[in-house]
Protein chains: 2
Amino acid sequence: MDDGSTRGAAHLQDLRVHLDNLERAGKLVRVSRAIDKDTELMPLVRWQFRGLDEASRKGFLFENVVDGKGRKFPAEVAVGIYAGSSDIYSIGMGCPVGDIRKRWQAALAKPVPPRIVERGLVQEEVHIGDGLLEHGGLDEFPIPVSTPGFDVGPYVTAANWVTREPDTGWINVGNYRGQVKARDRIGVFIGPRKHAWVHWDAARRQGKAWIETALVIGGPPGLTYLSGSRVPFGVEEYAAAGALIGQPLELVRCKTVDLVVPAHAELVIEGRVSTEYLEPEAPFGEFTGYMGERVHNAVFEATAITHRRNPVFATIISQMPPSESSKLKKLSQDNNYLFFLKNHCGIPQVQDITFHEIALESWAVVQLKRCNPSVAWQTLYAIAGKNTSAGKIVIAVDDDIDPNDLESVVWALSYRMQPDRDMVTLGARAIGLDPSGLPPSEDLRNMTAQKEFGSLVLINAMRKWDYPPVSLPAKAYMDRAREIWEELGLPKLTPRVPWHGYELGAWTERDRQEAEWAVTGEHFRTGDRAKQQRRKVEDGQ
Amino acid sequence: MDDGSTRGAAHLQDLRVHLDNLERAGKLVRVSRAIDKDTELMPLVRWQFRGLDEASRKGFLFENVVDGKGRKFPAEVAVGIYAGSSDIYSIGMGCPVGDIRKRWQAALAKPVPPRIVERGLVQEEVHIGDGLLEHGGLDEFPIPVSTPGFDVGPYVTAANWVTREPDTGWINVGNYRGQVKARDRIGVFIGPRKHAWVHWDAARRQGKAWIETALVIGGPPGLTYLSGSRVPFGVEEYAAAGALIGQPLELVRCKTVDLVVPAHAELVIEGRVSTEYLEPEAPFGEFTGYMGERVHNAVFEATAITHRRNPVFATIISQMPPSESSKLKKLSQDNNYLFFLKNHCGIPQVQDITFHEIALESWAVVQLKRCNPSVAWQTLYAIAGKNTSAGKIVIAVDDDIDPNDLESVVWALSYRMQPDRDMVTLGARAIGLDPSGLPPSEDLRNMTAQKEFGSLVLINAMRKWDYPPVSLPAKAYMDRAREIWEELGLPKLTPRVPWHGYELGAWTERDRQEAEWAVTGEHFRTGDRAKQQRRKVEDGQ
């Protein structure tokens, strides 16, 4: 079947080309032995997030997937292939790791509209109408259990949900977890104020019984990088994803709903989400590191299933961070906030912002060039104002602090901040999935009814005045010592900043002179000077 | 010369035996090429703290030390041999790393009094009276510059200063930095309330013009582990060190002062610290990561120099953490606080306390078993009350949080704490060497005159109620997956806690039943149940 596009141009839109790219880069593990999708598959991949460093992580492709009842599936399962590591993520974007930030910022500034094509491999097989369940419906696909022992069912996780705003026609693509409840029914958790929720609520207020929805699995990696992201309302993920990968996304029209989906995707489920009723959904392992509780959430009912032959069922490993999901969220969230602070709030001093993967909703560090404290505080207020819940502990640091290195941030908190002067606690925050906000209880946890129980703390951990130098040997001495280190054949170094001392404003000509005397054997001159400046000890000291 | 003791019993008291032990354990680097003590020596060792992981760090022995004027020294220099890593430290204690905590707690409970012996190798050579400077005084020894480019002179760093309380006879051994100012004069920074300061101040108040003092270098490693520590006032470091290494310390009487010093030490300088005048001392690189500023501090004047032939000049690499000094401080401080909280304050729920090396005066994490919040807060108040400055950010965590793993602590801060409810800021703290307390200024920095400018924040990051399980697969699935992982020949795992999910109180029989259905292919039953429990969408949600 002709997919209506040139293969070459499509390479970043076709998951199989992406898998080839990973394999060529040594970033793919193929598993050919039988693996139980419910009890073995995710725990196996989980180990690399609890027992390897990030550089060693790979994507996994399971070629022989079974379940506890001995069923075999005509589909492979891919996990960790989107964002198992920054390296993997950059392959999906088609750029070096060092360009991820630049590409993202450009994509937010200049989206590239998608292109509608007539045919797509995603419709190689179509199950529709009376034939909807001819191959078992959702049961045709090896949908894994993410957290065996605690999850209440298989979930779709690399799930890009497409909706259209009733009034404007704006198309949204969002990543929301989906509990497989029947051959044709999926519970979906669309949090309040998420863009798909805005669409759903608009349809509901217009008296429509449902909103048309398409679930895309195995589309272009670039689209998955956008769909879990907080891009501004009104920005189309299809266009931003096109900009991210540097080519217009190719889309085809759906068979049973008025939506468009990626032409090269592995699998699309078309259907409707009711606006009239909700159902219990979850528990499901969440990015907070705890099981998300059972709440009444939306329900999606299928009207068509279309897919490539022997589709690759793509999934994301999420839950306790770090995980593939935390990498996805972090990179998109960091970039959205950076664009927001620099471009919308107009704060050019902002150099970087990072939500640490262990605490994506909570621990944010923003790095600024030295500035007036009002600029540091504007930045902190802006972060508090961007979202009802993201950012519980928000820390501003100087540009010699590495915001991604917790030790560096703790160093700044320890010696560039005074709690009573530089911390402000604010209340009236939504608690999201944070279990510290209030005790477990379905009613209170209901995301749409949730009251304000949370709080945040803003911390200015930037220097308030000139400091003495960093207490490491000056650069020339460290450079020379490194030559000797290598000459002696000592183990390979991976330098960590700071690796040499540097001045921070509070350093005098006398200091420089005495430091020079120290390395030239003239330090007794400093001792003589000290003797001239003796002072009597006084009482009360 | 007979050293008055059996070699075997003395093995943990003789630095050369310790160096042999390190070498046998593969933890010593001998450098035989010429190394400039002022410009090359410390930067070379520094690299292992900025470019290697802790397990790869070693002690260094420099066998051919020179200075910028081409002088050669009849002494070797040892750096990193006390606490370059926890492994090295444990060798100095004569126990496995896993027993350090137990040994320390026992030493604080049951000190072992030292034993006075008649002769010691430390007095193999004696320079005294008119002959004090016959070999150059302090200039005989290759005393390195720690932070070339910023330090104002060579400093003694592995410096154990011995003083005696005038009234009680209690002997203290404290580690204080010492600036070499002349052949017979060292500036010494004894902070207010340090125990040697208490002795000095008592002598001063009694109208004495000086206090007798001995500076010990290259004594038993166990003594160095104590001398930088905050043991209770009245506990003799000699006795606690004896308990730490499991044998009474052997001491000899000094030649010119009424003090006793380790018989097997490499070098002792006897002398006096004036109580009448102070001199400018520093800048010197400090453990805060910044240069300590020039302040008026005490002055030590030598009356005798005694040493082993060709002494090994022992030093500590300190300054920007992590360093040897931060390891020394951390291990002793953690143990002192643990003993204080458990034994003195009587809080058996305390499991562990750790001051992170990057921020020894600031970032403390205390781990407790689940307890009434009043116990958590008692613990936090006790830490605030133990010292005027240590502990700026003090965090209580549950016993499933690893207090030494910053990521684990940030996870607790993010999801087990609400800033407006669980944080208390308190003022009126001494700022010590923390540059964030007030702008640089010698007068304000004067440690004895320093006013209260600082503050701290106490944070209860323990769970306030039952939580849902940790979102990782249950242990049985992770165990099984690890077998498959190994069968597939995937890279060696270094598991990090938590590596499996576990319950935290909020989990019902229904949750367990539905989780069981999920892994046995019965998840549609959960879906059916959800359908039965549909709820109408209501306005205002």
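Cα gyration tensor of segment A:1-123, axes a ≥ b ≥ c as square roots of the eigenvalues: rounded (a/c below 1.5), prolate (a/b > b/c) or oblate?
It comes out oblate by the Cα gyration axes.
Restricting the count to DSSP beta bridges whose residues both fall in the protein assembly as shown, what percent are antiparallel, rounded to a multiple of 5?
Expressed as a percentage, antiparallel bridges in the protein assembly as shown total about 75.
Is the C-alpha gyration tensor of segment A:423-535 telling us rounded, prolate or oblate? Criteria: a/c under 1.5 is rounded; beyond that, a/b larger than b/c is prolate, otherwise oblate.
oblate
Between copies, how far apart are the B:Val97 label points? List them in nm, one decimal, shortest first, with each point 7 Å from Cα toward Cβ, please?
2.5
Mind jotting down the three principal axis lengths of segment A:187-297 based on Cα atoms? Whole angstrom, largest first.
Each principal axis gives a Cα extent; for segment A:187-297 these are 40, 37, 27 Å.
At B:Ile128, with labels set 7 Å past Cα in the Cβ direction, how many nm apart are the copies from this one, shortest first?
Label point to label point, same position, other copies: 10.6 nm.
Sorted from fewest to most neighbouring beta carbons within 10 Å, what does the list A:Glu522, A:Glu276, B:Glu236 look like?
Ranking A:Glu522, A:Glu276, B:Glu236 by Cβ neighbours within 10 Å, fewest first, gives A:Glu276, A:Glu522, B:Glu236.
Please give me the summed charge of the neighbours of B:Asp334: other residues whose Cβ is under 15 Å from its Cβ, Lys and Arg +1, Asp and Glu -1.
In short, +3.
Is there a pair in B:Lys327/B:Lys492; B:Lys102/B:Lys330; A:Lys531/B:Lys194; A:Lys492/B:Lys58 whose C-alpha atoms are over 19 Å apart, and which pairs would that be?
In this structure, B:Lys327/B:Lys492; A:Lys531/B:Lys194 lie more than 19 Å apart at Cα.
Which lysines have a Cα less than 27 Å from the Cα of A:Lys464, not counting those fewer than 8 places away in the same chain?
A:Lys342, A:Lys369, A:Lys386, A:Lys392, A:Lys475, B:Lys392, B:Lys451
What residues of segment B:263-301 lie in the reach of a label at B:Ile128, counting those whose backbone N is under 20 Å from a point 7 Å from the Cα along Cα→Cβ?
Only B:263-273, B:301 pass the distance filter.
So which residue of B has the beta-carbon closest to the axis that swings B onto A, and how many whole Å away?
B:Leu406, 2
Set Lys and Arg Cβ to +1 and Asp and Glu Cβ to -1, take the dipole of the protein assembly as shown about its Cα centre, and tell me which of A:Thr256, B:Gly242, B:Trp197 lies farthest positive.
B:Trp197
For the pair A:Asn310 and A:Glu516, what calculated FRET efficiency results from E = 1/(1 + (r/R0)^6), where r is the Cβ-Cβ distance and R0 = 60 Å, to the nearest 0.05?
Taking R0 as 60 Å, the efficiency between A:Glu516 and A:Asn310 is 0.25.
If I model a spin label as a point 7 Å beyond the Cα along the Cα-Cβ vector, how far apart are those points for B:Lys492 and B:Val17 in nm?
3.4
How far is it, in nm, from the label point at B:Lys72 to the one at A:Lys536 when both lie 7 Å from their Cα along the line to the Cβ?
Between B:Lys72 and A:Lys536, the simple spin-label model gives 5.2 nm.
Over all residues in A:62-69, what is the mean tally of Cβ atoms on other chains that come within 10 Å of each residue's Cβ?
Per residue, the number of nearby Cβ atoms from other chains is 1 on average.
Run the quick spin-label model on B:Asp167 and A:Lys386: label points 7 Å from Cα toward the beta carbon, then report their separation in nm to one decimal.
Taking the simple label geometry, B:Asp167 and A:Lys386 are separated by 6.0 nm.
If R0 is 22 Å, what FRET efficiency do you get for B:Asp99 and B:Cys345 from their C-beta distance, rounded to 0.05?
Result of the calculation: an efficiency of 0.35.
In what sequence do B:Ile269, A:Ile211 fall when counting other Cβ within 10 Å, fewest first?
A:Ile211, B:Ile269
Which of the three applies to chain B, rounded, prolate or oblate, going by the alpha-carbon gyration tensor with a ≥ b ≥ c and a/c under 1.5 meaning rounded?
Prolate is the answer for chain B, as a/c is 1.5 or above and a/b outweighs b/c.
Measuring nothing but label to label, 7 Å from Cα along Cα→Cβ, what are B:Glu487's distances to the other copies in nm, shortest first?
Result for B:Glu487, in nm, nearest copy first: 5.5.
Of the DSSP beta bridges with both residues in chain A, give the percent that are antiparallel, rounding to the nearest 5.
70
Only sites in a loop by DSSP and with at most 15 other Cβ atoms within 10 Å count here; which chymotrypsin sites (Phe, Trp or Tyr not before Pro) in segment A:461-539 make the cut?
Passing both the DSSP loop test and the Cβ count: A:Trp465, A:Tyr502.
Return the ratio Rg/(2.2 N^0.38 Å) for the protein assembly as shown, where Rg is computed over Cα atoms only.
1.05
Could you state the number of Å between the C-alpha centres of segment A:378-401 and segment B:101-179?
Cα centres, segment B:101-179 to segment A:378-401: 48 Å.
Please name whichever of B:Gly80, B:Val537, B:Gln319 sits farthest to the positive end of the charge dipole of chain B, dipole taken about the Cα centre and charges placed at Cβ: Lys and Arg +1, Asp and Glu -1.
B:Val537
How many angstrom separate the Cα center of segment A:501-541 from the Cα center of segment A:21-36?
Spelled out, the Cα-based centre of one part sits 62 Å from the other.
Got a sec? How would A:Lys464, A:Lys369 order by Cβ neighbour count within 10 Å, fewest to most?
A:Lys369, A:Lys464
Mind listing the phi-derived Karplus ³J(HN,Hα) values for segment A:93-102, rounded to whole Hz, using 6.51, -1.76 and 1.60 with θ = phi - 60°, and x for any glycine or proline?
For segment A:93-102, the Karplus-derived couplings read 8, x, 8, x, 3, x, 9, 4, 4, 4 Hz, x marking Gly and Pro.
Averaged across A:319-330, how many Cβ atoms of other chains sit within 10 Å of each residue's Cβ atom?
2
Between 0 and 90 degrees, rounded to the nearest ten: what's the tilt of helix A:195-205 against the longest Cα principal axis of chain A?
Once rounded, the angle reads 50 degrees.
Inside 10 Å of the C-beta atoms of A:497-510, what's the mean count of C-beta atoms belonging to other chains?
Whole-number average of other-chain Cβ neighbours for A:497-510 is 4.
Read-outs: derived from the displayed coordinates by stated rules, not from any lab. Since this is a predicted model, take the numbers as computed values, not measurements. No Cβ is skipped: glycine too gets one built from the backbone with ideal geometry, and neighbour counts run over all protein chains shown.
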